Amino acid sequence: MENIKSFLGSFFVTGDPMIYGADASIALASIGIVFYLTYFKKWKWLWDEWLTTVDHKKIGIMYIIAAILMLFRGGVDALLMRVQLIMPNNTFLTSQHYNEIFTTHGTIMIFFMAMPFIFGLMNIAVPLQIGARDVAFPFLNAVSFWLFFLAAMLFNISFVIGGSPDAGWTSYAPLAGLKLDPGVGENYYLIALQISGIGTLATGVNFLVTIFKMRAPGMTLFKMPMFTWSTLVTSIIIIFAFPVLTVALALMSIDRLFGAHFFTIEAGGSPMMWANLFWIWGHPEVYIVLIPVLGIFSEVISTFAHKTLFGYKAMVWSMIAISVLSFTTWLHHFFTMGNTAMVNSFFSISTMIIAIPTGVKIFNWLFTLNKGRIEFTTAMLWALAFIPNFTIGGITGVMLSLAPADYQYHNSYFLIAHFHNVLIAGTVFGVFAGLHYWWPKMFGHVLNERLGKWAFWIFMISYNICFLPMYFIGLMGMTRRMYTFPSGLGWEPLNVVITLGAFGMGVGFLIMVWMIVYSAKYGKRDTTGDPWNGRTLEWATSSPAPEYNFAHIPQVETVDAFAHMKEKGTADSIYKAPFQAIHMPNDSGIPFILSVFFFIAGFGLVFEWYWMAIPGAIGIVVCMILRSFKDHDDHHHIPAEEVEQTERAAGRLS
């Protein structure tokens with residue numbers, strides 16, 4: 001019994017009332033879900049419709065639901081940090097708990113919120129925008145999602161089982177090494193990110209091939225919608241950047257699990273190698289979560305200005321320039337770590353140069369708005385708010401790119417304000433705009449505009465209340481990673497304002513959640529498939545789009561293909577009789593089961609339980625072998641009669 005008590009005491013996180021509350025919440029939520037599925041006999045529905053689906057639209061919806069849940073988790077972490085810092089010498093959180101919370105906040109927001117939210121919107125829109133039935137590799141698309149989701153679950157259980165990582169979301173060596181961080185928290189970080197990263201790399205390959213090989217007839221590269229272009233550029237960055245993160249995570253895992261010393265100075269390793277590898281991936285990663293939202297803003301601004309996007313080719317080439325330059329700026333993250341003047345100068349200049357193609361995009365959006373018939377929908381408000389707020393982040397980024405000045409700004413709250421100006425005003429505003437814009441295509445109804453605008457104004461104003469004071473408090477000397485501060489430094493008023501702003505953002509988020517719930521019951525139904533008078537092909541299908549997307553693959557003649565079809569009066573050619581049988585991929589349970597085995601193997605590695613990790617690895621191999629024998633029965637045909645019935649039920653046939 002004593003051995004059992006000792007094991008349970010080290011296995012479960014104890015001693016903190018908030019942890020006990022989390023335990024209770026997890027238990028109650030799990031019981032509630034199981035009860036609902038059992039009482040309403042939904043287990044088979046869950047398996048058939050969601051757990052085994054390879055439909056890109058359903059996978060996109062699951063990505064977005066998971067991302068919203070992770071936004072809630074990461075947001076709660078942020079609020080806990082702000083409560084801790086609202087007053088001097090606060091003891092709301094211990095230093096250890098604070099370290100864990102700011103580590104999980106950053107990791108969840110980047111890896112498990114921003115990226116899956118973007119991947120969800122890619123899955124919803126890109127195949128429809130290019131006139132495709134699905135992505136190039138539907139099975140691999142399902143594998144990508146389930147690897148992300150099970151990795152997110154593995155990472156999130158760390159705060160109740162074993163303990164959360166506490167070395168920061170960048171996990172610098174030697175702080176994240178076994179000597180200074182002997183718990184299992186860092187193992188969770190390494191293994192969960194490795195599993196999720198495999199799925200991300202597969203997503204990059206999948207969308208690259210989809211866009212290159214599955215475009216509708218006539219859709220040349222320079223006739224693609226801007227969001228599709230941004231997805232293509234992002235996929236290329238993923239393919240080049242993520243293998244670097246994979247290697248870095250593998251080396252750190254080998255250090256911790258098998259006693260190697262890749263990052264240990266006294267054993268011949270180099271902790272600076274981790275910083276270089278991490279940021280060689282990490283700065284392109286900023287653009288992995290930014291470039292797609294530039295595509296979203298282009299679609300939204302063009303649609304609600306009722307104009308073709310100004311400077312289409314300049315927008316494309318500016319995105320390509322950003323993607324190339326993103327690989328030449330990583331060292332600005334450690335200007336203060338002892339580089340030569342020549343090295344600092346090179347990366348300083350390359351960082352400033354990347355502002356030029358970004359500025360091109362902003363001016364092109366402004367010219368698109370010029371003389372447009374602007375419609376101030378909620379999606380448009382998020383897009384318009386991006387321009388001034390992101391510009392602040394861009395200007396302060398140029399300030400940080402000056403190596404001598406960076407000695408003043410580095411590791412201060414000035415830096416925190418900058419990257420939140422970029423990532424919230426960029427990525428978060430962007431995915432919120434995309435959510436409102438493509439929601440009818442996902443669920444067949446429009447989100448409530450009144451509630452959406454309330455959520456927008458409260459969130460956007462609170463965001464500025466929260467982060468603008470951080471520039472000033474950073475210049476006053478407050479450094480990041482500080483879990484408490486003494487009185488008498490003059491920081492108290494600004495910290496109160498920052499905390500109030502953070503809670504205001506929380507209120508905006510809750511209104512947004514209520515908007516989604518309210519709209520599901522009362523939202524205006526989209527009976528046309530084109531609620532915004534859209535310009536691209538996703539609006540040529542019914543809402544929600546059928547399994548096969550298009551009854552007939554459209555013929556594209558120009559940019560803004562659907563707007564062109566409507567002008568010519570040929571838009572109905574996409575769903576006119578006669579119909580033919582449509583080839584579609586079969587659903588499969590293997591991606592889900594494969595990912596469960598990844599979870600089992602990953603959990604075993606976290607605790608170095610090889611009796612669990614090895615069977616999990618064997619299960620992964622078995623699933624891959626089973627998949628290799630599926631070449632003869634992995635597809636089906638939807639009969640022409642069923643296609644006609646579906647189109648008629650959607651009101652598209654007289």
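The values are calculated or read from the model by the stated rules, or taken from the named source; none is laboratory data. Predicted model only: the values in this text are computed from it and were never measured. Please note: Cβ atoms are built from the backbone with ideal geometry, for glycine as well, and neighbour counts cover all protein chains shown. Heads up: the accessible areas ignore ligands, DNA and RNA and are worked out on the full protein's heavy atoms, side chains in. Shrake-Rupley method; radii C 1.70, N 1.55, O 1.52, S 1.80 Å.
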Handout entry: Translational diffusion coefficient (Stokes-Einstein; Kirkwood radius from C-alpha pairs) of segment 316-362 at 20 °C, 1.002 mPa s, in µm²/s
Key = 191
Exercise for the section: Taking the chain as the reference, fit the longest principal axis to its C-alpha atoms, fit the long axis of helix 138-156 to the helix C-alpha atoms, and give the angle between the two in degrees, 0 to 90, nearest 10. Expected result: 30
Practice task
Using every Cα-Cα pair within segment 152-300, state what percent have a distance larger than 22 Å.
Solution key: 49
Handout entry: Percentage relative contact order, segment 461-507, counting C-alpha pairs under 8 Å, at least six apart
Key = 70
Practice task
Run the numbers on the chain and let me know its relative contact order in percent, using alpha-carbon pairs under 8 Å that are six or more apart.
Solution key: 17
Practice task
Can you send over the carbon and sulfur percentage of the accessible area for the chain, probe radius 1.4 Å, protein chains only?
Solution key: 71
Practice task
Please give the helix 341-353 orientation as an angle from the longest Cα principal axis of the chain, in degrees from 0 to 90, rounded to the nearest 10.
Solution key: 30
Exercise for the section: Between Met153 and Asp633, with labels modelled 7 Å along Cα→Cβ, what's the label distance in nm to one decimal, could you check? Expected result: 2.7
Completion exercise
Quick tally, 1.4 Å probe accessible area for Val513, Val184, sorted with the most first, runs Val513, Val184
Fill in the blank from the handout: Per-residue accessible area, 1.4 Å probe, largest first, puts Thr104, Thr264 in the order Thr264, Thr104
Handout entry: Candidate values (1) 23.3, 73; (2) 24.9, 80; (3) 29.9, 100, label of the one derived for Rg and Dmax of the Cα atoms in Å
Key = (2)
Handout entry: Structure-based [θ]222 nm, the chain - -39500 (n - 2.57) summed over DSSP H runs of at least 4, per residue, nearest 500
Key = -21500 deg cm²/dmol
Problem - Solvent-accessible area per residue, Å², over the chain with all protein chains present [probe radius 1.4 Å] - result: 41
Completion exercise
When every protein chain stays in place and a 1.4 Å probe is rolled, Val517, Val556, Val360 sorted by accessible area with the largest first are Val517, Val360, Val556
Practice task
Go ahead and run the numbers for FRET between Thr94 and Ser6, Cβ-Cβ distance against an R0 of 25 Å, rounding to 0.05.
Solution key: 0.65
Practice task
Could you check the simple spin-label distance between Glu641 and Thr484, using points 7 Å along Cα→Cβ, in nm with one decimal?
Solution key: 7.5
Problem - Rough spin-label spacing in nm, given labels placed 7 Å along Cα→Cβ, for Trp609 and Met352 - result: 5.6
Practice task
Give me the angle, in degrees from 0 to 90, between the Cα long axis of helix 56-84 and the longest principal axis of the Cα atoms of the chain, rounded to the nearest 10.
Solution key: 30
Exercise for the section: Please work out the Cα center distance from segment 40-76 to segment 374-423, rounded to the nearest Å. Expected result: 32
Exercise for the section: Could you give the size of the charge dipole of the chain about its Cα centre, using +1 on the Cβ of each K and R and -1 on the Cβ of each D and E, expressed in debye and rounded to the nearest 20? Expected result: 1280
Problem - With all protein chains modelled, accessible area of Trp454 [1.4 Å, Å²] - result: 150
